[in-house]
Amino acid sequence: MNESIASAVRGRWAVATMFFVNGFLTGSWAPQIPVFLTRLDISKFTLGLLILLFGVGAVGAMTWCGHLISRHGSRNVVRWFGVAAAFGLLLVALAPNVPVAAITMVIFGGLVGGMDVAMNANAIAVERKLSRAIMSSSHGFWSLGGFAGGALGGFAIQNFGHLAHAAGVTVVAFAAVLLALGHLVAEPKPAGGVHHRFSLPRNPVIYLIGLMALFSMIPEGAVLDWAALYLQQELGSDLATAGLAFAAFSGVMAFMRFAGDAVRNRFGTVTTLRVSSLVAAAGMLVAGLSTSPWLAIAAFAFCGFGIANMVPIAFSAGGNQEGMPSGIGMSVVTTMGYCGILVAPSAIGFVAEQTGFGPIFIALSGLLIVVCLMSGLARSADFTAAPAAAE
């Protein structure tokens, strides 16, 4: 029994490493973007299309990855995608022209997206073995990796060049994945012949949970892509102040994700989600109504406090649906959720041309209220009864 718990604890840190690596790769891509633009001599429109291909690759792999997990288990799939994803950024950095760059962006997006589904499914397996939540802090490690990749990337590119930076990222990511490989936990083997053909689940609840993830991630994507422009163009802030909007939002969100598991274990999933969505809705509403840049920054930070644990809870609920392999449920919820970051921001930009960003942020607070009303659907993520812990 003690050895089983020790193995689960090692697995907990192994999957946390995978989350960190995934965030590190994603964060390291951001400072490569300006070099990508000038090196290929492309317009911002073409750059936007290439970035969209990253999203296409990610969503495609997320959809397919649940089938792989149901056949081979999340441990094997996260190993395969983790090793391959370590080389994704290097492929993009080596692309000599636009056609090759387009192919490498689809591959990079697919590897990062597939790894994302597999590591979330593996976190579900760890939660079941420990009979307690670890999903929020796992996403905290993703945020930490993204911060590290973004913060170090610009310095590395400026001093050593974009290829040396990409090679360094590859070495760090590959080494971290190798360290974690042997400690990842495995789920019980699925029954023979079950879920060996690709098919979408018929249980409508999983799609409603996916909708909760989508409604939670659309506001996150809106703050990421548009908050700085909102402060600068509509609230009259300078560029330095405008940049603080997402920094405050993401900083508070990362902190709360590390605290979120204890909160969720203490108060339960439904209560945590309900309160979190109301806090996030209030922050988003105040941000949209704000006439002061500093009030808006504070409101976005308050929103981050609420949003932090909404997506991890939705993912846990998706991976713990009765009668459904965790990989299949996780694939549906992850794919629907990430559309909120990969697809919705472009639509928000189009609407903002007509209305401005203030009304959009107000409307997004309504989506968060909908999540509050649907929060009872996340009850499956609780571990009070924890039947799976006995497996």
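In table form, for the structure just shown:
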item	result
Contour minus Cα-Cα distance for residue 175 and residue 45 (0.36 nm per residue)	43.2 nm
Carbon/sulfur fraction of accessible area - the range 92-195, other protein chains in place, 1.4 Å, %	74
Packing-based ranking, highest mean first, of 148-156, 62-70 given that Cβ atoms within 10 Å are counted	62-70, 148-156
Surface per residue (accessible, 1.4 Å probe) for the chain, Å²	42
Largest-first ordering by accessible area, 1.4 Å probe, given options 206, 42	42, 206
Share of carbon and sulfur in the accessible heavy-atom surface of the range 260-391 [1.4 Å probe, %]	69
Computed over the range 237-391, the ratio Rg/Rh where both radii use C-alpha atoms and Rh is Kirkwood	1.02
Ranked order, 162, 139 - accessible area, probe 1.4 Å, largest first	162, 139
Span per principal axis, largest first, for the Cα atoms of the range 1-98 (Å)	60, 26, 18
Rough spin-label spacing in nm, given labels placed 7 Å along Cα→Cβ, for residue 289 and residue 9	4.8
Two-decimal ratio, the chain, of alpha-carbon radius of gyration to 2.2 N^0.38 Å	0.95
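The values are calculated or read from the model by the stated rules, or taken from the named source; none is laboratory data. None of the values given here were measured: they were computed from a predicted structure. Glycine gets a Cβ as well: all are built from the backbone with ideal geometry, and neighbour counts include every protein chain shown. These accessible areas exclude ligands, DNA and RNA; they are computed on the full protein's heavy atoms, side chains included. Shrake-Rupley method; radii C 1.70, N 1.55, O 1.52, S 1.80 Å.
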